[in-house]
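The values are calculated or read from the model by the stated rules, or taken from the named source; none is laboratory data. These numbers were taken from a predicted model, which means no experiment stands behind them. So basically every Cβ, Gly included, is an ideal-geometry build from the backbone, and we count neighbours across all protein chains shown.
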Amino acid sequence: MALDNIYVYLIIILMATAVVDLIVGVGNDAVNFLNSAIGSKVASFKFILIVASLGVVIGCTFSSGMMEVARNGLFNPSFFTFDRVMVVFMAVMLTDIILLDIYNTFGLPTSTTVSLVFEILGAALITGYLLSYDKTGTIPDFHAVINTSSAITIISGIFLSVFISFIVSTVVQHIVRIVFTFDLEESLKKYGAIFSGISISVITYFLLIKGAKGSVFISADQEAWISRHTSDIMLVSVVLWSIVIQMLMWWVRINPLKIIVLLGTFSLAMAFAANDLVNFVGVPVAGLISYQKWMLSGLAATDYNMVILASKVETPYWILLICGGIMILTLWTNAKARKVTETEVSLGRQDEGDEKFRPNFLSRAMVGLAVSTGQLIDSMVPKKWSDAMSLRFMQKKESKPAPETVSTSFDLVRASVNLIVSSVLIAYGTANKLPLSTTFVTFMVAMGSSFADQAWGRESAVYRVAGVINVIASWFLTAAIAFTGAGFIAFILYLTGTTGFFVLAGLATFFLVRSHIVFQKRARQEQIENKAFTTERMDARQVMEQSKEATLKTFKAIKRILQHSVHALENEKQGTISKAREEIQKLKAQNEKLHTKIIKQVRKMDQGQLAAGRLYILVFDNSQDLYQSASLVCDVCTDHVINHHPKPNNYFLKNLKEVESQLQNFIDTCILSLEKNDLAAMRGIKEREAQIEEIISRHLDREINDIQTGVLSSRMGLLQTRLYLELQDILEHTGYILHLYLQYDSPSTARP
């Protein structure tokens, strides 16, 4: 009885992990069917969520047929007894929760399908080997534990979808753009109705005809009738929808592409729920079924063979509906889901802007090859054809930049293609029992369509390609980590038994809570940092305020860096050096964010504000110099301390502290002058700057004299002179920044 109770608790833990995995998994995956609607701003965010929620509810009822993938698609259940199959299931779920939450926290889209597949493979393989070794003292053949043929089919289907999705979406988007161009006002009148009719019919075919086979609400007779009348249904659908859309265009002037995007969002959400629900609850449902069958058998957990999992067992529809409800709640409340959305939308956007990824050797090589190939093809194509094709892809120039709050990352044509192609591929995989990765399909479809749409111009291509490479590399890394992590956790659970179950479940809970706290803190910080870049247009006052706000943050960061660096050198404390380096990284991130947006900000200014634009750029340039000097101060102190070089003499440390204190007070004065906009104080800064510069020069002369007389070694002389020189640079750049503000407020004021 006590043993039965233990397994009851384990099943409770397993079902609890299902709920957590739904929340964590949807936070990463569900944004895949929101990106096109969000990127094109087809409707308000709330309305998009309502449409997606309806799709999720209906899609959940189509998932039952997919559950067998988690039960017997990847491993041979007859090889395991009940007690050991529980080890497999628990290892999979604990690994999945931790892994997906890490990806969500950093805003990287990963694949829950890949995670599930490789976690099951890793956990089943290790558990099977340990089980066989305990019984026979030998390691079994790989094929005895793993369902090799099924695993190869599933894995190949997942990774093949990367290339198929990219190629199909590239071809489709290229054709559609040639037809519609970027001038949608005229082309929609000609082709909007028929395009909408075909698009809606395709969605209907794959989601209702192909997907119907898995629904718990459609009988076998109904499935047979649908299969016999497929052609008739398609023909009627194309004609009917084309007529309906045309009528709506005439009567209410509706944009048919909005209907496609919203219906596509619904269909992709439906396909997502039907295909990916297995990733979140397939394993816990398999565990629940295993427990129920074991209880009915009357056998010991160590004797009951799990061959029952090889047979088809329907998942109760109420479980599916509960899962759908949790998924919908997560859609509306999970902040991490919003962060993952940013990556795909930023890589596929049509306009220029902040690039999230740095170029690498591979991205440069690929772009270089593409440019050379394009030039070669262009030289072989008749000029008339080339010019005509270029006109089809030419975008209309807006007289004024659109407000950031309503600007779109791409238009409704591309959003429609993204949703249609993704829905078709995922629904086809669902109907054929292939758990295609929703992330892989939607991401690569979005990348293929943006590539075909010439969104990757020469100015952004290396960054976009680098981003795609990084994301794809993270997918392969996911597979390796999932396999290794689940195998390791299975090993621990196998050896520790019930104790291990509860300890690891507690650790997983701890990591989730900690991750949530860290994420919320980071999100608040990013919200504050991005606050300066949300204004539509900027007048002179706003320019001044935004510039001052960024400058004040820089000054305060410089103060902390100097304080930590000098203190670490004086007391030989590596821990204090770490604090200085953290501040350096924060300042670096702030400067990089400003660097990518500064031209965009200047463009927002009203025409003729040359002085404001000059102020913005020059202040940023000097802030960069401040960062570099502070970074060098931190670097030389770090190298000296971590390499255990001898401590500088007390006389130098006393003088260094004097300079650092004077510089800290000087920066405080500058901060106060900026905060209060005290022009009188700004004019008096120059005199104070000269006094500190004189102190630094006097100490520097003393260092040069000690070097010439041999008092200082080469290493110590280099350390001490570099510190004084960089502190002098910080002083000069700080004073010059303040002068720029004074000159802006009083144009007649000139720097002496």
Show the residue pairs that are 6+ apart or on different chains and have beta-carbon atoms under 6 Å apart, the first residue being within region 262-278 and polar (S, T, N, Q) and modelled with pLDDT under 70, the second being part of a helix (DSSP H, G or I) and buried (at least 24 other Cβ atoms within 10 Å of the Cβ). N275/I426; N275/T430
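Within region 356-373, restricting attention to residues that are part of a loop (DSSP other than H, G, I, E, B) and modelled with pLDDT under 70, which residue is surrounded by the most Cβ atoms within 10 Å (Cβ to Cβ)?
Start the filter on region 356-373 by keeping residues that are part of a loop (DSSP other than H, G, I, E, B), which leaves 356-360.
From what's left, modelled with pLDDT under 70: 356-358, 360.
Details: K356: 16, F357: 19, R358: 12, N360: 15.
The qualifying residue surrounded by the most Cβ atoms within 10 Å (Cβ to Cβ) is F357.
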Condition met for L268 (among the hydrophobic types (A, V, I, L, M, F, W, C) and surrounded by fewer than 24 Cβ atoms within 10 Å (Cβ to Cβ)): no
Where residues in region 642-664 are surrounded by fewer than 21 Cβ atoms within 10 Å (Cβ to Cβ) and among the aliphatic types (A, V, I, L, M), which of them is modelled with the lowest pLDDT? I642
Give all pairs with beta carbons closer than 7 Å in which a residue from region 638-658 that is touching a residue at least 12 places away in the same chain (Cβ under 8 Å) and over 18 Å from E694 (Cα atoms) meets a residue that is of a type in the set (S, T, N, Q) and part of a loop (DSSP other than H, G, I, E, B); count only pairs at least 6 apart in sequence or on separate chains. none
Given (1) modelled with pLDDT under 80; (2) under 28 Å from P646 (Cα atoms), index of the condition L594 fails: (2)
Would region 640-650 turn up any residue that is farther than 25 Å from K548 by Cβ and among the hydrophobic types (A, V, I, L, M, F, W, C)? yes
Given I692, I707, I667, which one is touching a residue at least 40 places away in the same chain (Cβ under 8 Å) and part of a helix (DSSP H, G or I)? I667
Lone unmet requirement of (1) without any contact (Cβ under 8 Å) to a residue 60 or more places away in the chain; (2) outside any helix (DSSP H, G or I); (3) in contact with a helix residue (DSSP H, G or I) (Cβ under 9 Å, 6 or more places away or on another chain); (4) surrounded by fewer than 18 Cβ atoms within 10 Å (Cβ to Cβ) for L712: (4)
With the first residue restricted to region 480-494 and required to be in the same structural domain as G128 (by TED's automatic domain parsing) and in a helix (DSSP H, G or I), and the second required to be of a type in the set (K, R) and crowded, with 16+ Cβ neighbours inside 10 Å, Cβ contacts under 8 Å at 6 or more apart or on different chains are Y494/R84
So, first residue under 22 Å from I319 (Cα atoms) and modelled with pLDDT under 70 in region 215-233, second residue part of a helix (DSSP H, G or I) and among the hydroxyl-bearing types (S, T, Y), Cβ within less than 7 Å, six or more apart or across chains; the pairs are V216/S64; V216/Y317
Hey, could you check region 565-589 for residues that are within 17 Å of S631 (Cβ to Cβ) and charged (D, E, K, R) and say which is farthest from the chain's Cα centre (by Cα)? K579
Hey, among the residues in region 75-92 that are outside any helix (DSSP H, G or I) and buried (at least 24 other Cβ atoms within 10 Å of the Cβ), which one's modelled with the lowest pLDDT? F75
For L288: the one exception among (1) at pLDDT 75 or above; (2) more than 23 Å from F79 (Cα to Cα): (2)
If I filter region 416-428 for residues that are surrounded by 17 or more Cβ atoms within 10 Å (Cβ to Cβ), assigned to a helix (DSSP H, G or I), modelled with pLDDT under 70 and of a type in the set (G, A, S), do I get at least one hit? yes
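More than 22 Å from L262 (Cα to Cα), at pLDDT below 85 and surrounded by 22 or more Cβ atoms within 10 Å (Cβ to Cβ), is that true of V162? First the steps, then the outcome.
Numbers: more than 22 Å from L262 (Cα to Cα): yes; at pLDDT below 85: yes; surrounded by 22 or more Cβ atoms within 10 Å (Cβ to Cβ): no.
The answer is no for V162.
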